[in-house]
1. Look at residue 194 and say whether it is within 13 Å of the chain's Cα centre (by Cα) and crowded, with 19+ Cβ neighbours inside 10 Å.
2. Going by the conditions given, is residue 36 part of a helix (DSSP H, G or I) and crowded, with 21+ Cβ neighbours inside 10 Å?
3. Can residue 275 be described as surrounded by fewer than 21 Cβ atoms within 10 Å (Cβ to Cβ) and either among the aliphatic types (A, V, I, L, M) or assigned by TED's automatic domain parsing to the domain that holds residue 101 (or both)?
4. Filter the stretch 238-257 down to residues that are free of Cβ contacts under 8 Å to residues at least 24 places away in the same chain, of a type outside the set (Gly, Ala, Ser) and surrounded by 14 or more Cβ atoms within 10 Å (Cβ to Cβ), then give me how many there are.
5. Condition (residue is at pLDDT 95 or above, loosely packed, with under 15 Cβ neighbours inside 10 Å and more than 16 Å from ligand 1 (Cβ to nearest atom)) applied to the stretch 87-101: is it met by at least one residue?
6. Restricting to the stretch 52-84, name every residue that is away from ligand 2 (no atom under 16 Å from the Cβ), basic (Lys, Arg) and closer than 26 Å to residue 176 by Cα.
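The values are calculated or read from the model by the stated rules, or taken from the named source; none is laboratory data. Since the structure is predicted, the reported quantities are computational estimates derived from the model, not experimental observations. FYI the Cβ positions are ideal-geometry reconstructions off the backbone, even for glycines, and counts take in every protein chain you see.
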Amino acid sequence: MEERTKKINWYPGHMKVAMRELKMMLSKIDVVIYILDARAPISSINPSLSHLAKGKQILYVINKIDLADKARVNEILKDFARRGLAYVTMNSTTIGNDKLIKSKIKQLCQKKIEKSQGKLISPVIRAVVVGVPNCGKSTFINSLLRKAKMVTGNRPGVTKSAKLMKIGDNIEIFDTPGTLYPNLQDQTVAKKLFFIGSIKDEVLKDICPLAEDLLENINERYPSLLQARYGDDLSLEGIAKRRNYILSKDEFDLERTAMAVIDDFRKGRIGKITLD
Ligand SMILES: Nc1nc2c(ncn2[C@@H]2O[C@H](COP(=O)(O)OP(=O)(O)OP(=O)(O)O)[C@@H](O)[C@H]2O)c(=O)[nH]1
Ligand SMILES: [Mg+2]
């Protein structure tokens with residue numbers, strides 16, 4: 001992808017604080033539940049989080065699977081399996097995931113559970129849910145609770161501080177704010193994080209080249225999905241013309257078109273897509 005946009009970076013104060021709190025919290029944590037977005041499962045791996053979670057039991061939850069290309073995700077997950085990583089795919093907007101997740105958490109804490117066998121009080125298992133902004137951490141916890149206790153929202157930066165919930169008798173789970181990393185060196189990754197909604201729209205100045213990049217990216221693997229939605233002309237002008245997004249007599253509203261394309265992708269209207 002050629003460079004047509006200014007460097008994308010977003011690391012507000014609350015993320016810095018969240019990373020510091022997470023670092024302090026981890027000594028008391030048994031399992032890290034690392035949420036990845038199935039539409040960009042590799043790009044939503046945050047090197048800072050991976051560094052913090054090193055040496056911990058980690059359960060990778062590949063979330064938003066309902067919006068993603070399952071075949072491509074399975075290909076990526078072959079590598080997870082080869083490396084012996086524990087993972088599940090998930091649609092957190094549905095309920096009934098709690099049994100599977102509780103049993104996965106318990107599997108990862110087998111040693112702690114075995115140690116306490118024969119004792120009167122069963123051990124409390126502490127888990128923390130981490131991941132990039134907007135990947136569905138709070139929704140995932142709500143799905144385990146079968147209640148909308150955590151505030152969620154379709155924009156990044158909804159959860160601003162860590163919150164503790166109990167799931168079942170002896171599992172405690174922390175929700176945390178979505179975090180990125182101070183310097184998004186790889187701009188291909190940064191763009192994908194923007195497309196999946198992990199970076200605040202307001203940070204981006206010029207949305208048109210980004211929408212063009214998204215169309216290019218999708219066209220590489222899913223040309224027929226794009227054609228079905230937008231027709232043969234995949235330029236922003238072509239899409240604006242088809243949608244009648246017009247500013248004046250001979251000027252198309254390209255900004256509106258760009259945002260519409262990005263929104264179509266985020267809402268799954270183009271189809272089930274994985275960008276990685
Ligand atoms: N389709 C689909 N939408 C999901 C899924 N999980 C979460 N969402 C949606 O994604 C958006 C973000 O969800 P949140 O749970 O607020 O995300 P978060 O990771 O807690 O976000 P921050 O607190 O901002 O870091 C909401 O609109 C959810 O409804 C999923 O598995 N499938
Ligand atoms: Mg949240």
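1. Values: within 13 Å of the chain's Cα centre (by Cα): yes; crowded, with 19+ Cβ neighbours inside 10 Å: yes.
So residue 194 fits the description; yes.
2. Numbers: part of a helix (DSSP H, G or I): no; crowded, with 21+ Cβ neighbours inside 10 Å: yes.
Judged against the criteria, residue 36 is not a match.
3. Working: surrounded by fewer than 21 Cβ atoms within 10 Å (Cβ to Cβ): no; either among the aliphatic types (A, V, I, L, M) or assigned by TED's automatic domain parsing to the domain that holds residue 101 (or both): yes.
Judged against the criteria, residue 275 is not a match.
4. The first filter runs over the stretch 238-257 and keeps only residues free of Cβ contacts under 8 Å to residues at least 24 places away in the same chain, leaving 238-253, 256.
Now drop any that are not of a type outside the set (Gly, Ala, Ser), which leaves 239, 241-247, 249-253, 256.
Imposing the further condition that a residue be surrounded by 14 or more Cβ atoms within 10 Å (Cβ to Cβ) reduces the set to 239, 241-243, 245, 252-253, 256.
Looking only at that region, the number is 8.
5. no
6. Of the stretch 52-84, the ones away from ligand 2 (no atom under 16 Å from the Cβ) are 52-60, 62, 65-84.
In the following step, the residues that additionally are basic (Lys, Arg) were identified as 54, 56, 70, 72, 78, 82-83.
Across the stretch 52-84, the qualifying residues are 54, 56.
For (1) among the basic types (Lys, Arg); (2) in a helix (DSSP H, G or I); (3) touching a residue at least 12 places away in the same chain (Cβ under 8 Å); (4) more than 16 Å from ligand 2 (Cβ to nearest atom), each residue gets a yes or a no:
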position	(1), (2), (3), (4)
99	yes, yes, no, yes
114	no, yes, no, yes
155	yes, no, yes, no
173	no, no, yes, no
